[in-house]
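Engineer: Here's a structure for you.
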Amino acid sequence: MDTESCLQPDSATHLEIVEFSHRGLVRENNEDHILVKSFRTVQTNAQSVLLAILADGVGGHRAGEVASCIAVDSIAASVQACENLDHPESLLEEAFIRANQEIVQQSQDNESQKGMGTTCVSALIIGRKLYMANIGDSRLYLLRNREISQLTFDHTWLEELSEGGLSGSTKISRSHPLAHVLIRYLGSTEPIQVDLRIRLSGTKSAEEMRNLQGMNLEAGDILLLNSDGISDLLTDEEIKENLLKRNWDQSAKRLVFCALKKGGHDNASVIVIRIPADLKKKKT
């Protein structure tokens, strides 16, 4: 007997959302995939739930496009089928692991897709509480009180070294040929480590950062999920300036077009979520 999901799809959302994706000026196809879905809990005091996922695929012959599509669809299906929301961060972690298995299976079954993989970042917002997970170098930012914070860690060779892989006296340039090589991604035949840390000023240990899961979002907060086609070309300050400009509903396109003006060497995708003063639902 199948267990019943605790979530039902909802045609309305309690948050303000804009999204945009572009293949860039160099790539022949877009290997990014983005998805935003609204749900409501089936319990008596129903809560509004928003799931946002962004994946940036890697692999030749359009295989990266396949990997990112599998990741987004698989994670969304896992969340939608959940039996409860007692531990949302664990739900995301398990969803990432399942997506990894599906990508590996697909690559093993198709010679042209061997070695494909994808980054992934996801935000699950239950009411005003934020839960998140990531793997790779797609990012989640928080803009609060005109201050921007990168909540995720990049799982690249450079970031790994800066976190303690080398002595403090060793400097590695971002232009180093291995600087942006991914050390974590979906599509790995080895067991993956999904990152559940939330990086905010004042938090130091990994345990402290994981304990921020379920942090309260405030009215006016803006969350940004983006692929590295944005963050490789725009500084945090430039990202902030674009998010703070008037015509907020154009912020997603503004960020992407700003990256295109700087060369657009990669696919560029963003999901922007704003927390309103009230949580009255709006049609999606």
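Engineer: Where residues in the range 255-281 are among the charged types (D, E, K, R) and either part of a loop (DSSP other than H, G, I, E, B) or over 19 Å from the mean Cα position of the chain (by Cα) (or both), which of them is nearest to VAL72 (Cα to Cα)?
Structural biologist: If we take residues in the range 255-281 being among the charged types (D, E, K, R) and either part of a loop (DSSP other than H, G, I, E, B) or over 19 Å from the mean Cα position of the chain (by Cα) (or both), then ASP266 is nearest to VAL72 (Cα to Cα).
Engineer: Still on this structure, I have one more. Is it true that LEU212 is out of contact with any helix residue (DSSP H, G or I) (no Cβ under 7 Å at 6 or more places or on another chain), surrounded by 14 or more Cβ atoms within 10 Å (Cβ to Cβ) and in a loop (DSSP other than H, G, I, E, B)?
Structural biologist: yes
Engineer: Collect the residues in the range 135-161 that are among the polar types (S, T, N, Q), touching a residue at least 40 places away in the same chain (Cβ under 8 Å) and not in a loop (DSSP other than H, G, I, E, B), keeping them in residue-number order.
Structural biologist: Passing the criteria: SER149, GLN150.
Engineer: Now a separate question. Do you know which residues across the range 1-32 are assigned to a loop (DSSP other than H, G, I, E, B) and hydrophobic (A, V, I, L, M, F, W, C)?
Structural biologist: MET1, CYS6, LEU15, LEU25, VAL26
Engineer: Here's a follow-up. Looking at the range 227-269 only, could you name the residues that are on the phi > 0 side of the Ramachandran plot and not small (Gly, Ala, Ser)?
Structural biologist: The one that is on the phi > 0 side of the Ramachandran plot and not small (Gly, Ala, Ser): ASN247.
Engineer: I'd like the residue in the range 239-253 that is in a helix (DSSP H, G or I) and in contact with a Lys or Arg (Cβ under 9 Å, 6 or more places away or on another chain) and, out of all such residues, is surrounded by the fewest Cβ atoms within 10 Å (Cβ to Cβ).
Structural biologist: So the residue we want is LEU244.
Engineer: Checking the structure you have, find out if any residue of the range 11-22 is without any contact (Cβ under 8 Å) to a residue 40 or more places away in the chain, farther than 24 Å from ASN242 by Cβ and not small (Gly, Ala, Ser).
Structural biologist: No, the range 11-22 contains no residue that is without any contact (Cβ under 8 Å) to a residue 40 or more places away in the chain, farther than 24 Å from ASN242 by Cβ and not small (Gly, Ala, Ser).
Engineer: While we're on this one: Give me the pairs, please: first residue somewhere in the range 256-274 and of a type in the set (Ser, Thr, Tyr), second residue anywhere and surrounded by fewer than 24 Cβ atoms within 10 Å (Cβ to Cβ), beta-carbon distance under 7 Å, and either six or more positions apart or on two chains.
Structural biologist: So the pair list comes out as SER269/SER21; SER269/ILE34.
Engineer: Could you list, in sequence order, all residues of the range 215-238 that are out of contact with any strand residue (DSSP E or B) (no Cβ under 7 Å at 6 or more places or on another chain) and surrounded by 15 or more Cβ atoms within 10 Å (Cβ to Cβ)?
Structural biologist: Matches in the range 215-238: ASP232, LEU233, LEU234, GLU238.
Engineer: When the range 1-26 is examined, which residues are found to be polar (S, T, N, Q) and crowded, with 18+ Cβ neighbours inside 10 Å?
Structural biologist: Result: THR13, SER21.
Engineer: Now a separate question. Quick one: would you say VAL121 is at pLDDT 90 or above, surrounded by 15 or more Cβ atoms within 10 Å (Cβ to Cβ), in a helix (DSSP H, G or I) and of a type in the set (Val, Ile, Thr)?
Structural biologist: No; evaluated as a whole, the condition is false for this residue.
Engineer: Within the range 186-204, take every residue that is over 14 Å from THR152 (Cβ atoms), in contact (Cβ under 8 Å) with a residue 60 or more places away in the chain and not hydrophobic (A, V, I, L, M, F, W, C) and give me the one that is surrounded by the most Cβ atoms within 10 Å (Cβ to Cβ).
Structural biologist: GLY187
The values are calculated or read from the model by the stated rules, or taken from the named source; none is laboratory data. Being a predicted model, the structure only gives us computed values, none of them experimental. Here the Cβ is made from the backbone with ideal geometry for all residues, glycine too, and neighbour counts use every protein chain on show.
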